[in-house]
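Structure record follows, encoded as structure tokens.
The values are calculated or read from the model by the stated rules, or taken from the named source; none is laboratory data. All of these numbers come straight from a predicted model, not from anything done at the bench. Note that we place each Cβ from the backbone using ideal geometry, even for glycine, and neighbour counts take in every protein chain shown. With ligands, DNA and RNA removed, areas are computed over all heavy atoms of the protein, side chains included. Shrake-Rupley method; radii C 1.70, N 1.55, O 1.52, S 1.80 Å.
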Amino acid sequence: MLIITEQWHLRNFVCALPGVEILDPGQVVYSETRTNGVVGRGVILECGPTLPDVFIWGFTKPGTDTIRAIVYNFGKGPKIQKLANDLGNLTVISNSASLSIEKLPLAAEGVYTCQHILQPLFHGLSVTRLHFVIILKVPVTNPYIVMSDSSPVEGTSVIMRCGLENGTGPINYIWEQESRESQLTTVAEIYDDNRFNVTDVNRNHTGWYRCIAINQVNQQRSDRVCLVHHIVLVCAISKTVSLLCQASSNPPSQYVWFYNNSQVFTGPQYTITRILRMHTGHYACLAQNTYLNTRSRKTITLTVYCECSHKSLPGFWWPPLLFLQPVLL
């Protein structure tokens, strides 16, 4: 906070706001205060410890020199002007010249000038000018994750972006990964850059991702998004692929597997005992609770680049698991 105080004596002083003339003041006290406000919250601007005989509040928009009156009191009670409606819920604090502004909009940023006059007995007028420079900061809104590829192929790269509608910078971003075992890990902390680059996608990158956006006002966490749906099998020693469908339900769910929209199996785990190129395609699991007439369906894409045999070169393989959101707890 920057406070500047200056005193001097004037003769034949004319008030800076039009329509008010004050002659022969005893002294003028000038001060300037810089403070931060937060959009949607409130501030209190104090104009002296006591109620003066006369006070006027003015407002100046950033980049302009025009002072426009928002409140005045010439001894008959405060009069709030129409302009004050654009600056939030503005009220004058009882028995004072101080302002309370609630639910600050972004338009409330600017310079607030209070000028109050006291006329003590047997003394000249005492004039005080107070300037409040309010700089508003915007809280971060709920972030959301955008992926460059929602179903990346293993070995490729994915760029995740933590999107925000509003928020005053600088903004820090924290990226979290939740594994299949529900283990939460911080995978990156990035200063003022909302991008997170995942290179050489593999099984260790599979899971749920969230981003947390943090600025000087607050922090917000995004909903989670899932990586990886698109699994690629390279020639491997193993010949078996198992697709597992899980859904919490009471009574237990019934499961139906579809390959390219044709039913191929009934049960939670569908196993391909000899993986061939012809098995490339879309596999969907339908979990349903017939008692409550509820159902959920998820799809996974399986790509086989070559047929596996005992003579295949060493590679890698793991059983891809298809996890479903619960049908009914």
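Listed values, structure above:
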| read-out | value |
| --- | --- |
| Residue that is nearest to residue 93 (Cα to Cα) [pool: residues in region 46-79 that are in contact with a helix residue (DSSP H, G or I) (Cβ under 8 Å, 6 or more places away or on another chain) and open to solvent by less than 30 Å² (accessible area, probe 1.4 Å)] | 71 |
| Subset tally (residues that are open to solvent by less than 30 Å² (accessible area, probe 1.4 Å), modelled with pLDDT of 80 or more and under 16 Å from residue 271 (Cα atoms)) for region 231-250 | 4 |
| Total residues in region 264-305, condition over 41 Å from the mean Cα position of the chain (by Cα), open to solvent by less than 30 Å² (accessible area, probe 1.4 Å) and modelled with pLDDT under 85 | 1 |
| Selected residue (only one of 48, 37, 58, 42 is in the same structural domain as residue 99 (by the TED database) and at pLDDT below 90) | 48 |
| Spans of strands (runs of 3 or more DSSP E) in region 30-92 with at least 3 residues more than 29 Å from residue 139 (Cβ to Cβ) and touching a residue at least 40 places away in the same chain (Cβ under 8 Å) | 54-60 |
| Matching strands (runs of 3 or more DSSP E) fully within region 120-212 where at least 3 residues are under 22 Å from residue 299 (Cβ atoms) | 144-147 |
